[in-house]
Structures are given as structure tokens and as C-alpha cells.
1. Take S7 and decide whether it is without any contact (Cβ under 8 Å) to a residue 60 or more places away in the chain and in a loop (DSSP other than H, G, I, E, B).
2. Which count do you get for residues in segment 1-24 that are of a type in the set (F, W, Y) and touching a Phe, Trp or Tyr at 6+ places or on another chain (Cβ under 6 Å)?
3. What pairs can you find where one residue is in segment 34-49 and farther than 16 Å from E2 by Cβ, the other is in a loop (DSSP other than H, G, I, E, B) and of a type in the set (V, I, T), and their Cβ atoms are less than 9 Å apart, with a gap of 6+ or different chains?
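Derivation of every value follows stated rules applied to the coordinates shown; laboratory data play no part. Since the structure is predicted, the reported quantities are computational estimates derived from the model, not experimental observations. So basically every Cβ, Gly included, is an ideal-geometry build from the backbone, and we count neighbours across all protein chains shown.
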Amino acid sequence: MELSSSSIAPDSFIDPAYAEPGVGGQNTSPELTWTAGPDGTASYLVTCFDPDAPTGSGWWHWVVSDIPADVTSLAEGAPLPPGARTWPNDYGYPGWGGPWPPPGPAHHYRFTVHAISVPRLDVPDEASSAVARLTASFSTLASASFVALFANPAS
């Protein structure tokens, strides 16, 4: 599998348009495209994680599950495909939560797509993203990632 984006180039700095309003952004979700998963792929899970957040456990910016197996992209700023579910990010709301790191060095944002062997995670809608991510880990067939950077402009 391979993951790419026309919105954010791997190993580059993320444009502020994709960041939270608190750092001058519009919180627009980026476009992501991936190659099909291996045989047995029934759905996809997409995540964005910042391991540099000063929380002791990083920061989850995006968790989308149950993306149908015939879908291999998410359009920039667009609604999710039918059937997909989004989970609360670490800001506390569902959907894309763009970068908003504290002033200091740039943070690393890992975008990942996972090929999942089940069409829908057996997770109640009111569950946390941690439960969705853990459940997905038991049925992940393959994954692909890239990393991009963002620094608080006040730094």
C-alpha cells in the first residue's frame, strides 16, 4: 500500500489552511489517496497522530473508520463517504482537528491508512477513538504512512 496527498507533501511543512483557527488556519481536512489494500480488505481506517504533543501520549487529530473498500481517497474538506464513521479527536469533537502545537519546535504529523479485514468495526458509535483504534488493530491487514511537519507560527 502507498499513501499520498495533493494537500500535504510528505516530509514538508503543512500549509496553515489545514491548521486550527487558533494558529490562523481554517481547519480544512487534507486530501488523501491510497493504493488498494491486499486481498481481504473490507474497509479502511485513516488516522493522523502527533507523537510530539506534550501530553505523554501524543495527540490524535483524525480517526475515520469504516471507509468502504472501494474508496481509495478522501477529498479535501469534503464530507466522508457513505458508511464511514469519524471518531472524536483529542480536541474532543469528531472529524479533522488540524495542527495547533504549542510554540517551539515543529511537530511531526503521521498520516496513516490501514486496510481492515472487516467492513465495519464492532464498536458502538459513542465509543472513544481509542476503542476504535484498538479494535481496528485486531483486523489490520496492511498500512501505509507519511509524515509532515507543522510549527506554531508564534514560535
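1. On the way: without any contact (Cβ under 8 Å) to a residue 60 or more places away in the chain: no; in a loop (DSSP other than H, G, I, E, B): yes.
Considered against the rule, which asks whether it is without any contact (Cβ under 8 Å) to a residue 60 or more places away in the chain and in a loop (DSSP other than H, G, I, E, B), S7 comes out as no.
2. We begin by selecting, within segment 1-24, every residue of a type in the set (F, W, Y); these are 13, 18.
Adding the requirement that they be touching a Phe, Trp or Tyr at 6+ places or on another chain (Cβ under 6 Å) leaves none.
Residues meeting the conditions: 0.
3. A42/V118; S43/V71; S43/V118
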